[in-house]
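Before I ask anything, here is the structure I am working with.
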Amino acid sequence: MSSTNDQPASAAIRFNRLQMGVVVVGVLLMCAFAGSSAYDAWRSYRYSIAATERELGNLANALAEQTAWSLEAVDLLLLDTVRWYRTEGQGIPPEARDAALAARSTGVQPVRQVTIMDAEGNQLYRSRGFSIPNHNVADRSYFVAQKDDPSRGMFMSEPLTTRSEGRTAVILSRRIDDAEGHFAGVVTANMDLEDLNEFYRAAKVGAESHIALLRDDGTLLVRSPGVPNVVGHKFPVLAAAPVGADARVVNPIDGREDFIAVAPVRNAPLRLAVTRDAQVALRPWRDETIRVALRTLIVVVLGAMLLALLLRQIKRVASSQRALRESEERYALAMEGANEGHWDWDVPADRLFLSPRMKVLDGQSADSAVGTGSEWMSRIAMHEEDRPRVEAAMQDHLAGRAPRFECEYRVHYPNGEWHWLLARGRCSFDVTGKPSRFVGSAMDITEQKQAQLEKERLEAQLRQSQKMEAIGTLAGGIAHDFNNVLGAILGYGELAIQHSAGNSALRRYLDNVMHAAERAKLLVERILGFSRSGLGDQVLVNVQSVVSETLELLAGSLPTGIRLETKLAAGDAAVIGDPTYLHQVTMNLCTNAVQAMERGGVLGVTLARVQSTQARTLTRGALVPGEYVRLTVADTGSGIPPEAMERIFDPFFTTKNVGEGTGLGLSLVHGIVADLGGAIDVSSKPGEGACFEIWLPVAGETVAASSEAAGVLPRGNGETLMIVDDEPQLVELAEEVVARLGYEPVGFVSSTAALQAFLVDPQRFDVVLTDEMMPDLAGTELAREIRVLRPSIPILLMSGRAVPSVVDRAAEVGVDEVLRKPLHRREIAESLARVLGPSH
């Protein structure tokens, strides 16, 4: 029986050996053939590269040498011209020297023109055309080089456009000294780049090949064939191209990979580069390689087919064994592809099977020894918050209280990371209702958890953005309407003050009214700044001057016990923005800091110009590498509570008592800094104070503007002023104000009525003052119609919401100035004086 049983085993071994031998021999033959073909292709590739490099190198050396001869010829012409000018040229009449220069330069290629300049850079003589009077080249690089360095020798300029002819050229120059060795002028040879280009174009360098003449610093002088708008640009990668085997570069001119050969031009700061598109250069090798590859593929396929026929019978004999093995492999692959771990727990015997993947998911090694279920649970480094939930879910299912087991938990891995797992399982019960077998699986859901958290964070940001937008729109609308009310209060208040006695109780009451109105105007400006409805001037602002002025105003009102320490070192660094907004940023931060120090302390304000070398993410916003002005406001007060840190920039959020703050200060700061392209960083510890850092990108430099006294209000000379506003009170107020300024006002509460009056007599009015937001015609539309009838009349536009779109529309229709409501008498007087002319 044993010998009988051994025969199938021996046959299986023989078949396996035969199969293996056939496969090995066939594979070796095919690999040898494929390897031989690959080696031939590699040798052909190396030969193609070597031939290309040899050809390009020879071309580069030959063209560089020819270029050097041309430059030497030009230099000899310059040296001979210097000698001639100092000796023989002095005996020739000045009017004949241009012709003499032309005769001397004839035949010297590629010189287009020879010119002689005196020691002041003025052109004296030229070989081509007539000398140009008052043509001075003292600022040209070649003139400065020859003047400053007596030992310079021949100097080659950068590519430039000649002032005399407007052609692109390089200038070769030599110094002229007088008899005492002092600088007497410069002789130059205009080497026309187009002539050089023609010379290189005549050289046959092959398809998709280019010749480039460059300075040592990579400045391109000539490229043949030419490409528009590249001459004069720097391409250092071409000038410093690698030399040796397989020298290739990505050509910065056309973005293609090129073979390159670079040769220095003898006795000149030049390099001549010859390039050829790598795709074109290697095309013959690719075509040959494809033919070899197809031939190899055909032979390999035929060999594989023959090998398959030989193995067919062997595979039939072992088909049953292979089918079993493949079934087992499919099961293993299915488990691996699902990326899940599996367990099978014999509950009564407390025997546990775990797949290798399940062990890894639970933070153990794949070959860990499996013990009982309770032992395995004790070895898992499960998060303490999750363990009771997992055990309770398992007990509920084993007790029959839950139809299946499903639970999420965290596992601490040996590398220190926490991973989320989702485990699902189902238990089968015996006839008595007791659990018998518990089978389940688990998978890693860490990425899904992180994606969910990121989604929730983005949704919170979206809700916050929508809330801010809605609040901003509401605040802007309220502020606009309130501006009209304030306009009447401030205007009539100014008029009432003019009619009251200086020391009377009425005057004191009116001063208090005006003070309260000014505070209301400031509040409106803050609301408009928050809602982005205000108009900010976009000019270069010296940050240090604005901060310094703000601190001067603040210093006089500091409470007793608070010391101000400043260090302003930003110099003339400037940002693009509105000085008023920068003043508000500084004042709001300092005011908040002072209010945080109820028992006194130190208010530190520093201003510095710093360089950020890498990208950074701050509390609000992010920095990119660049130069910034950093404003730091620090206090030694009570600090910011951690629970309030996330909301300090929300509008109307405040930690102060009722009536002590509007909650708009920091939101306004955040809005202004964001509009300026900056960022904010906040740090605080309760009881140790807070520190705010404002980072603003430097846009340039500007000196601090000097302040001037206001002076007397300018007055009119009886000019007729059209006033248009849909608020009757504001029309009456404006009429009285401008009448006291010396103008003849004519008021309209309807824009259509104002347009009809203008149609009747366009020459009646000298200037127009109109509101923008009106029910009939908007102010800009009224200005457009008036401009059609009388293009030259001055027009002023008023708006409580002078947003950029209003300013753009006003500029489009020809409005002279845009004024922001509410208006003061001085603003009206000065604006009218500006638009009516210097006499006002």
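Which residues, counting only those in the range 712-766, are among the acidic types (Asp, Glu), in contact with a Pro (Cβ under 8 Å, 6 or more places away or on another chain) and free of Cβ contacts under 8 Å to residues at least 40 places away in the same chain?
The answer is GLU735, and nothing else.
If the requirement is being of a type outside the set (Ser, Thr, Tyr), free of Cβ contacts under 8 Å to residues at least 60 places away in the same chain and closer than 30 Å to ALA189 by Cα, which of these qualifies: ALA62, ALA68, ALA32, ALA51?
ALA62
Would you point out which residue out of ARG140, ARG104 is modelled with pLDDT of 85 or more and of a type in the set (Lys, Arg)?
Matching residue, one of ARG140, ARG104: ARG140.
Name the one entry in GLY626, GLY577 that is open to solvent by less than 30 Å² (accessible area, probe 1.4 Å), touching a residue at least 40 places away in the same chain (Cβ under 8 Å) and touching a Leu at 6+ places or on another chain (Cβ under 7 Å).
From the options GLY626, GLY577, the qualifying one is GLY577.
For the range 268-277, indicate whether the set of residues that are farther than 16 Å from ALA60 by Cα and either of a type outside the set (Gly, Ala, Ser) or buried (at least 16 other Cβ atoms within 10 Å of the Cβ) (or both) is non-empty.
So far as the range 268-277 goes, no, none of its residues is farther than 16 Å from ALA60 by Cα and either of a type outside the set (Gly, Ala, Ser) or buried (at least 16 other Cβ atoms within 10 Å of the Cβ) (or both).
Since THR613 meets every condition but one in (1) within 33 Å of the chain's Cα centre (by Cα); (2) among the hydroxyl-bearing types (Ser, Thr, Tyr); (3) at pLDDT below 85, which condition does it not meet?
(3)
Any residue that is at pLDDT below 85 and within 29 Å of the chain's Cα centre (by Cα) - is there at least one of those in the range 716-729?
No; the residues of the range 716-729 include none that is at pLDDT below 85 and within 29 Å of the chain's Cα centre (by Cα).
Looking only at residues in the range 718-735 that are farther than 16 Å from GLY800 by Cβ, outside any strand (DSSP E or B) and not charged (D, E, K, R), which one is least open to solvent (accessible area, probe 1.4 Å)?
Ranking the qualifying residues of the range 718-735, first place goes to GLY718.
Within the set of pairs 6+ apart or on separate chains, which have a first residue in the range 298-323 that is charged (D, E, K, R), a second that is at pLDDT 70 or above, and C-beta atoms under 8 Å apart?
Every condition considered, the pairs that remain are LYS315/GLN19; ARG322/LYS315.
Let me confirm something: among ASP258, ASP195, ASP254, ASP287, which residue is acidic (Asp, Glu) and surrounded by 20 or more Cβ atoms within 10 Å (Cβ to Cβ)?
Exactly one of ASP258, ASP195, ASP254, ASP287 is acidic (Asp, Glu) and surrounded by 20 or more Cβ atoms within 10 Å (Cβ to Cβ), namely ASP258.
Which of (1) buried (at least 21 other Cβ atoms within 10 Å of the Cβ); (2) touching a helix residue (DSSP H, G or I) at 6+ places or on another chain (Cβ under 8 Å) does ASP216 not meet, given it meets every other one?
(1)
Yes/no per residue for (1) over 43 Å from the mean Cα position of the chain (by Cα); (2) closer than 22 Å to ASP80 by Cα; (3) modelled with pLDDT of 85 or more:
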{"position": "GLY129", "(1), (2), (3)": "yes, yes, no"}
{"position": "ILE132", "(1), (2), (3)": "yes, no, no"}
{"position": "HIS135", "(1), (2), (3)": "yes, no, no"}
{"position": "ARG152", "(1), (2), (3)": "yes, yes, no"}
{"position": "ARG175", "(1), (2), (3)": "yes, yes, yes"}
{"position": "ALA179", "(1), (2), (3)": "yes, yes, no"}
{"position": "GLY185", "(1), (2), (3)": "yes, yes, yes"}
{"position": "ASP192", "(1), (2), (3)": "no, yes, no"}
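Out of LEU607, LEU603, report the one residue that is more than 28 Å from the chain's Cα centre (by Cα) and either at positive phi or of a type outside the set (Ser, Thr, Tyr) (or both).
LEU603
What's the number of the only condition in (1) open to solvent by 60 Å² or more (accessible area, probe 1.4 Å); (2) in contact with a helix residue (DSSP H, G or I) (Cβ under 8 Å, 6 or more places away or on another chain) that ASP761 fails to meet?
Evaluating ASP761 over (1) open to solvent by 60 Å² or more (accessible area, probe 1.4 Å); (2) in contact with a helix residue (DSSP H, G or I) (Cβ under 8 Å, 6 or more places away or on another chain) leaves (2) as the failure.
Name the single residue, out of those in the range 432-479 being of a type in the set (Ser, Thr, Tyr) and either under 30 Å from PRO348 (Cβ atoms) or modelled with pLDDT under 85 (or both), that is nearest to the chain's Cα centre (by Cα).
Among those residues, the one meeting the criterion is SER465.
While we're on this one: Given the conditions (1) closer than 23 Å to ILE648 by Cβ; (2) loosely packed, with under 14 Cβ neighbours inside 10 Å, and given that ALA569 satisfies all but one, which numbered condition is not satisfied?
In the conditions (1) closer than 23 Å to ILE648 by Cβ; (2) loosely packed, with under 14 Cβ neighbours inside 10 Å, ALA569 misses (1) alone.
For the range 344-384, enumerate the residues that are free of Cβ contacts under 8 Å to residues at least 24 places away in the same chain, under 18 Å from MET443 (Cβ atoms) and of a type in the set (A, V, I, L, M).
LEU354, VAL360, ALA366
If you scan the range 365-378, which residues turn out to be in a loop (DSSP other than H, G, I, E, B) and either small (Gly, Ala, Ser) or open to solvent by 50 Å² or more (accessible area, probe 1.4 Å) (or both)?
SER365, ALA366, ASP367, SER368, ALA369, VAL370, GLY371
What do you reckon, is ARG787 surrounded by fewer than 17 Cβ atoms within 10 Å (Cβ to Cβ), assigned to a helix (DSSP H, G or I), within 43 Å of the chain's Cα centre (by Cα) and touching a residue at least 24 places away in the same chain (Cβ under 8 Å)?
yes
If you don't mind, there's one more thing I want to ask. Please find, within the range 583-607, the residue that is surrounded by the most Cβ atoms within 10 Å (Cβ to Cβ) out of those that are farther than 21 Å from PRO686 by Cβ and out of contact with any Ser or Thr (no Cβ under 8 Å at 6 or more places or on another chain).
Looking at the filtered set, the residue picked out is VAL585.
In the range 74-94, what residues are more than 60 Å from the chain's Cα centre (by Cα) and open to solvent by 60 Å² or more (accessible area, probe 1.4 Å)?
Residues satisfying the conditions are THR87, GLU88, GLN90, GLY91, PRO93.
Scan the range 806-840 residue by residue and report those that are touching a residue at least 60 places away in the same chain (Cβ under 8 Å) and open to solvent by 60 Å² or more (accessible area, probe 1.4 Å).
Matches in the range 806-840: ARG820, ARG825, ARG826, GLU830, SER839.
Here is a follow-up. Among the residues of the range 98-111, is any touching an Asp or Glu at 6+ places or on another chain (Cβ under 6 Å) and either assigned to a helix (DSSP H, G or I) or surrounded by 15 or more Cβ atoms within 10 Å (Cβ to Cβ) (or both)?
Yes, the conditions are met somewhere in the range 98-111.
Please state which of the following conditions ASP118 fails to meet, knowing it meets all the rest: (1) open to solvent by less than 30 Å² (accessible area, probe 1.4 Å); (2) modelled with pLDDT of 85 or more; (3) out of contact with any His (no Cβ under 8 Å at 6 or more places or on another chain).
Condition not satisfied by ASP118: (1).
Consider GLY711 carefully, then state whether it is at pLDDT below 90, open to solvent by 30 Å² or more (accessible area, probe 1.4 Å) and not in a helix (DSSP H, G or I).
yes
The values are calculated or read from the model by the stated rules, or taken from the named source; none is laboratory data. Worth saying up front: this structure is predicted, and the values here are computed from it rather than measured. Backbone-built Cβ (ideal geometry, glycine too); neighbour counts: all protein chains shown. Areas reflect the complete protein model, heavy atoms only, side chains present, ligands, DNA and RNA absent. Shrake-Rupley method; radii C 1.70, N 1.55, O 1.52, S 1.80 Å.
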